[in-house]
Amino acid sequence: MQTNRFLPPVIALWLAAGNGPAAGTIRSGEPWFDTSGQRIHAHGGGLLRHAGVFYWHGEDRTRGGAAAVNCYASTNLVDWRFAGVALSRESLPRADGQRTFVERPKVIHNARTGKFVMWMHLEQPGYHYARAGVALADQPAGPFTFLHALRPITNDFNFPADAPNRQKELGGTFRDMNLFLDDDGRAYVFYASENNWTMYVVRLNEAFTGPETPTLEGRTWARILVRDMREAPAPFKHQGRYHLITSGCTGWQPNPARWHVADAPLGPWRTGGDPCVGPEAGLTFRAQSTFVFPLPGKPGEFLFLGDRWNPQDLPDSRYVWLPLRFDTNGAPRLEWVAEWRP
Ligand code: DGJ
């Protein structure tokens with residue numbers, strides 16, 4: 001990530017290719033540049049490995065830009081080449097005459113259909129729209145075609161009538177989200193619902209384009225972390241157990257992370273402690289979880305992806321990527337590392 005716009009392109013490319021001692025390292029909290037020297041815009045993002053290449057999809061927060069979601073590609077998780085606009089702003093639906101925008105896009109591959117499936121939090125100013133967006137592509141970098149917007153679970157849990165988020169009529173809100181593809185080929189969407197009070201885990205249909213139907217609470221979907229007000233879910237699996245890192249709900253401000261663990265994706269989930277240790281651990285190192293990625297060929301080693309939001313200047317938000325390992329009690333641990341290579 002050392003590559004920057006001030007280097008002549010030929011040297012930047014040479015460095016990005018991993019040549020010489022100055023090849024890139026991960027330096028959390030600093031501005032990150034792609035291999036052509038442009039600032040990386042892939043906030044609230046996720047990683048996907050396909051055919052030996054890593055793809056990083058995330059929010060483009062450039063003002064007035066054409067992309068809703070960008071895609072970057074890498075073979076070493078450090079040097080990232082801009083792979084294109086994965087989903088354009090223009091392709092997003094409008095609702096009530098107003099534009100929508102994307103947060104926390106994630107992509108998984110469906111081996112049955114051959115499609116790459118993107119889920120996202122689709123929103124409007126005010127955060128009452130609170131829908132899932134689903135888009136499809138034939139290639140990991142896209143371009144993705146927007147398919148539909150939905151609230152996956154339409155149950156009415158005695159939601160107040162006339163609330164601007166319309167939960168009574170449409171079902172639980174869909175905000176911070178993540179996808180999880182299990183080893184058995186089944187996929188799940190985790191999302192902050194019920195106006196962020198309660199997290200939902202919903203198994204997806206065979207095409208991964210919506211919930212498995214009929215939706216049956218406890219069988220195809222579950223309410224977890226009930227009334228806990230958690231968001232930014234980052235699920236992952238280690239030695240047959242399911243783990244989840246979440247944040248509290250404090251807007252763009254950092255707060256303590258929490259770890260949750262279960263024997264099955266639908267739970268029951270048990271809440272453990274704060275996985276972060278060391279200075280600034282109580283503020284998740286001034287970041288918020290977005291993804292946990294298993295490092296290929298390194299069992300038990302994961303890459304934690306977080307966002308250090310800058311509410312004064314969101315396009316200048318930074319990335320905090322740290323190694324995540326398990327301690328001898330089977331709990332994940334996250335420690336600050338100023339500079340490293342996965
Ligand atoms: C916290 C969420 O995690 C972010 O994705 C974003 O929705 C902000 N809240 C908005 O305040």
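The values are calculated or read from the model by the stated rules, or taken from the named source; none is laboratory data. Not measured: the values here are computed from a predicted model. Glycine also receives a Cβ, built like all others from the backbone with ideal geometry; neighbour counts cover every protein chain displayed. To get the accessible areas, we keep the full protein, side chains included, count just its heavy atoms, and leave off ligands, DNA and RNA. Shrake-Rupley method; radii C 1.70, N 1.55, O 1.52, S 1.80 Å.
Largest mean-square fluctuation among Leu147, Leu305, Leu322, in a Gaussian network model of the chain whose springs join Cα atoms under 10 Å apart, belongs to Leu147.
For region 69-85, the Karplus equation 6.51 cos²θ - 1.76 cosθ + 1.60, evaluated at θ = phi - 60°, returns couplings of 10, 9, 10, 10, 10, 7, 10, 10, 6, 10, 9, 10, 9, 5, 9, x, 6 Hz by residue, with Gly and Pro reported as x. Amide H contacts of Lys115 (H built 1.01 Å from N, in plane; Pro and chain starts excluded): Asn110 sit under 5 Å, all sequence-distant by 5 or more or on other chains. Close amide H pairs (under 5 Å, H built 1.01 Å from N) link Leu324 with Phe302, Leu303, Phe304, residues at least 5 positions away or on another chain.
For the chain, which longest stretch is free of loop sites, where a loop site is one of the GluC sites (Glu not before Pro) that DSSP puts outside H, G, I, E and B and that has at most 16 other Cβ atoms within 10 Å?
Values: sites that count: Glu206, Glu280, Glu339.
Longest gap between qualifying sites, sites excluded: 1-205.
Taking the Cα centre of region 100-335 as origin, sum charge times position over the Cβ atoms of Lys and Arg (+1) and Asp and Glu (-1), and report the length of that vector in debye to the nearest 20. Walk me through the numbers before you get to the answer.
Working: 25 positive and 25 negative charges, 47 e Å.
Rounded to the nearest 20 debye, it is 220 debye.
Springs between Cα atoms under 10 Å define the GNM used for the chain, and in it the highest mean-square fluctuation of Pro268, Pro299, Pro93 occurs at Pro299. Amide H contacts for Gly210 (H built 1.01 Å from N in the peptide plane; partners 5 or more residues away or on another chain; cut-off under 5 Å): Asn205. The magnitude of the dipole of region 155-234, with charges of +1 and -1 set on the Cβ of Lys/Arg and Asp/Glu and taken from the Cα centre, is near 180 debye.
Using a probe of 1.4 Å on the protein chains alone, the accessible area found for Ile245 is around 0 Å². Translational diffusion coefficient of region 142-255 (Stokes-Einstein, Kirkwood radius from Cα pairs, 20 °C, 1.002 mPa s): 143 µm²/s. Coordinate range of the alpha-carbon atoms in region 23-123 per principal axis, descending: 49, 37, 20 Å. Note down the Stokes-Einstein diffusion coefficient of region 250-297 in µm²/s, whole number, using a Kirkwood radius over alpha carbon pairs, 10 °C, and 1.306 mPa s. Answer, rounded: 127 µm²/s. Farthest towards the positive end of the charge dipole of the chain, among the residues Ala51, Ala149, His109, is the Cα of Ala51, using unit charges on the Cβ of Lys, Arg, Asp and Glu. Ranked from largest, the principal axis spans of the Cα set of region 100-335 equal 45, 41, 36 Å. Please name whichever of Gln253, His121, Gly24 sits farthest to the positive end of the charge dipole of the chain, dipole taken about the Cα centre and charges placed at Cβ: Lys and Arg +1, Asp and Glu -1. It is Gly24. Highest GNM mean-square fluctuation among Phe208, Phe144, Phe326, for the chain modelled with Cα contacts below 10 Å: Phe326.
If you take every residue apart from Leu225 with its C-beta less than 14 Å away from the C-beta of Leu225, what net charge results, scoring Lys and Arg +1 and Asp and Glu -1? Don't skip to the answer; put the middle values down first.
Values: positive: Arg175, Arg223, Arg227, Arg230, Arg258, Arg270; negative: Asp176, Glu194, Asp228, Glu231.
Counting the neighbours of Leu225, the net charge comes to +2.
Can you give the relative contact order of region 100-335 as a percent, counting alpha carbon pairs under 8 Å and 6+ residues apart?
Working: 584 pairs, mean separation 24.9, N = 236.
That works out to 11 percent.
The lysines whose alpha-carbon is closer than 20 Å to the alpha-carbon of Lys237, local same-chain residues fewer than 8 away aside, are Lys106, Lys298.
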